[in-house]
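The values are calculated or read from the model by the stated rules, or taken from the named source; none is laboratory data. Source: prediction; values computed, not measured. Don't worry about glycine lacking a Cβ; one is built from the backbone with ideal geometry, like all the others, and counts go over all protein chains shown. Each accessible area value is taken on the protein alone, full model and side chains, heavy atoms only, with ligands, DNA and RNA left out. Shrake-Rupley method; radii C 1.70, N 1.55, O 1.52, S 1.80 Å.
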Amino acid sequence: MLAVKLFSCNMSSFSRSAQQWATFARSWFLIDARMQPPGKIATMCAIRLQGKHKPIYHALSDCGDHVVVMNTRHIALSGNKWEQKIYSSHTGYPGGFKQVTAAQLHHKDPQALVRLAVYGMLPKNLLRRTMMQRLHLFAEGELPEEIVWNLTEELPQPRIIPRSLPEYTQEERDAFPRLWTPPEDFRLK
């Protein structure tokens with residue numbers, strides 16, 4: 001009986017305020033977009049901006065977190081998407097239909113491709129605009145101090161960045177299997 005009494009005493013001093021604060025507070029997540037496709041970055045951002053990673057998520061509640069994306073200038077698109085992917089807009093006036101390629105848009109604004117990808121993945125309701133206000137994009141790796149102080153977690157990159165040949169050591173190069181060994185008398189033209 002005494003052990004039960006002590007256990008209940010300790011439980012009464014336990015408060016859920018810290019746990020509730022951690023659940024309801026807005027966290028700040030950092031994502032490095034270097035050599036990553038904008039679609040992969042956008043899915044990670046959309047989940048955090050909506051709050052779908054929290055146990056208290058509800059579609060009508062605004063419980064999402066802040067997401068900071070750096071190095072948006074150095075994103076990667078597969079294939080020939082830099083020239084083939086077209087972004088369209090219309091001014092609303094006759095003859096106001098504008099089309100621009102991904103390369104042109106990226107050259108004009110390095111953050112635009114990621115912003116448009118995230119905007120398209122968020123739900124099409126009245127909360128989308130407030131969710132986009134919690135998205136912070138930076139073209140390079142330098143972040144303002146007030147944002148660095150707020151960061152709570154850095155998310156892993158969705159894809160592994162491939163290494164270039166000079167980044168491999170000589171032992172790794174020698175251990176790599178050879179597809180074809182040239183004959184002794186072979187010469188390049």
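Quick notes
- Relative contact order (%) - the range 67-166, alpha-carbon pairs under 8 angstrom, separation at least six: 36
- What the Cβ-Cβ distance of ARG173 and ILE147 gives, at R0 = 30 Å and to the nearest 0.05, is a FRET efficiency of 0.15.
- Counting only protein heavy atoms and using a 1.4 Å probe, the accessible area of ARG134 comes to about 20 Å².
- Alpha-carbon spread of the chain, three principal axes, descending order, Å: 91, 63, 30
- Among GLN157, LEU137, ALA175 the positive-end extreme of the charge dipole of the range 136-177 (Cβ point charges): ALA175
- The apolar share of the surface of the chain, taken as the fraction of accessible area on carbon and sulfur atoms (1.4 Å probe, ligands and nucleic acids excluded), comes to 58 percent.
- Listed pairs LYS98/LYS124; LYS85/LYS124; LYS85/LYS189; LYS52/LYS85 exceeding 32 Å between Cα atoms: LYS85/LYS189
- Aspartates and glutamates whose Cα lies under 20 Å from that of LYS108, excluding same-chain neighbours fewer than 8 positions away: GLU83, GLU140, GLU142
- Under the convention that each Lys and Arg Cβ holds +1 and each Asp and Glu Cβ holds -1, the size of the dipole of the chain around its Cα centre is about 920 debye.
- In Å², nearest 10: area of MET35 left accessible to a 1.4 Å probe: 90
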